[in-house]
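Working notes, structure below.
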Amino acid sequence: MLNLINQIVARAKADRQRIVLPEGTEERTLKAANQILTDEVADLILLGKPAEINELAVKWGLGNISKATIIDPETSPKHEEYAQLLCELRKKKGMTIEEARQLTNDPLFYGCLMIKNGDADGQLAGARNTTGNVLRPALQIIKTAPGITCVSGAMLLLTHAPEYGKNGILVMGDVAVTPVPDPNQLAQIAVCTAQTAKAVAGIENPKVAMLSFSTKGSAKHEVVDKVVEATKIAKEMAPTLDLDGEMQADAALVPEVGASKAPGSDVAGQANVLIVPSLEVGNISYKLVQRLGHADAIGPILQGIARPVNDLSRGCSIEDVYRMIAITANQAIAAKNNK
């Protein structure tokens, strides 16, 4: 388990990225930031009033916060430049420069404008903000990756079953964003989740299973048809990706079941990336695996945005924030390499 986290941290250290933390005065965020700076995992930009952040650092005994770049969006020398950029990006939606200046004061917007302007590589927030508030500026400013219209969230599942996935590591999507994806969106989720498996989980050769309650026509229903259609679209989007469906979870994971239910499939029995047909299935299944199987569930890792912006759960721990900063850095490295 720790091995994968250590690899993620090592990759981040080897190619340090500039990660923005808009919630610069939030306790868990600051404590995790101090540890990231101590371990030299990433270069951090904390948004907030410098005096307040420094005062909290002293209060909590965080000796390395001074290594971060601390910016107050409201008084930043780049405020006007970013406001003009935001106004330009949103003028078709009728945004005025006054509205843009106001929004540029918001750390969640300011961080995304830094990324859009090339002044930062990724952003992590959500300890204090809702998913909607974290995603809105990302979609308005950074926008989705080329060829992608649908944002989704992947979960890393570090299980105690080394015979499945990559030594027990599996990546599942979508568990966070799109409640009922259509076939096109489901195909995009599959392609994006495979990219996350490569960028974050170190899975060099993702084997993607499009999950359903049917394997290769064993059941007939319109929800099965959706997965069949999505499989076809995903294969057109990423012809070199090992991807197959529709299949049941046991056919995807267990070699002998895969061989009997989907003979000749390159994925059946060997899947390490699991694509669920709806958010409901994804959310329920990862929580069952986490609680009943004592798996470590890391995420959700947001995907489909042109540059990484991740959303923490408001119940996150200091360790969660630390891991997600390292994961965001891994995604930033991959985004640059994929250009």
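The values are calculated or read from the model by the stated rules, or taken from the named source; none is laboratory data. Here the structure is a predicted model, which is why all the values come from computation and not from measurement. Here the Cβ is made from the backbone with ideal geometry for all residues, glycine too, and neighbour counts use every protein chain on show. For accessibility, only protein heavy atoms count, side chains too; no ligands or nucleic acids. Shrake-Rupley method; radii C 1.70, N 1.55, O 1.52, S 1.80 Å.
Points to keep in mind about this one:
- Of the labelled figures (i) 35; (ii) 42; (iii) 57, only one reflects percent of Cα pairs over 28 Å apart as derived from the coordinates, namely (ii).
- Whole-Å distance, taken between Cα centres, linking the range 28-43 and the range 89-132: 23 Å
- Long-range HN-HN contacts of Lys207 with modeled amide H, under 5 Å: Asn272, Val273
- GNM remark for the chain: springs join alpha carbons under 10 Å apart, and the peak mean-square fluctuation among Ile327, Ile284, Ile141 falls on Ile284.
- When shorter helices are ignored and each DSSP H run of at least 4 residues is given -39500 (n - 2.57), the per-residue value for the chain at 222 nm works out to -14000 deg cm²/dmol.
- Inter-centroid distance (Cα atoms) of the range 193-255 relative to the range 60-83, Å: 43 Å
- Cleavage-rule hits, trypsin sites (Lys or Arg not before Pro), the range 168-272, DSSP coil, Cβ neighbours within 10 Å at most 13: Lys220
- Candidates Pro206, Pro162, Pro137, ranked by Gaussian network fluctuation over the chain, Cα under 10 Å, top entry: Pro162
- Carbon plus sulfur fraction of accessible area for the range 150-294, probe 1.4 Å, in percent: 55 percent
- Greater than 32 Å apart at Cα, pairs in Lys92/Lys287; Lys59/Lys336; Lys31/Lys78; Lys59/Lys287; Lys49/Lys198: Lys92/Lys287; Lys59/Lys336; Lys59/Lys287; Lys49/Lys198
- Surface analysis of the range 150-294 yields an accessible area of 43 Å² per residue, using protein heavy atoms and a 1.4 Å probe.
- Counting only chymotrypsin sites (Phe, Trp or Tyr not before Pro) that DSSP places in a loop and that have at most 16 other Cβ atoms within 10 Å, the longest clean stretch of the chain runs over 61-212.
- Compared with the direct C-alpha span, the chain from Met237 to Lys49 gains 63.2 nm at full extension, assuming 0.36 nm per residue.
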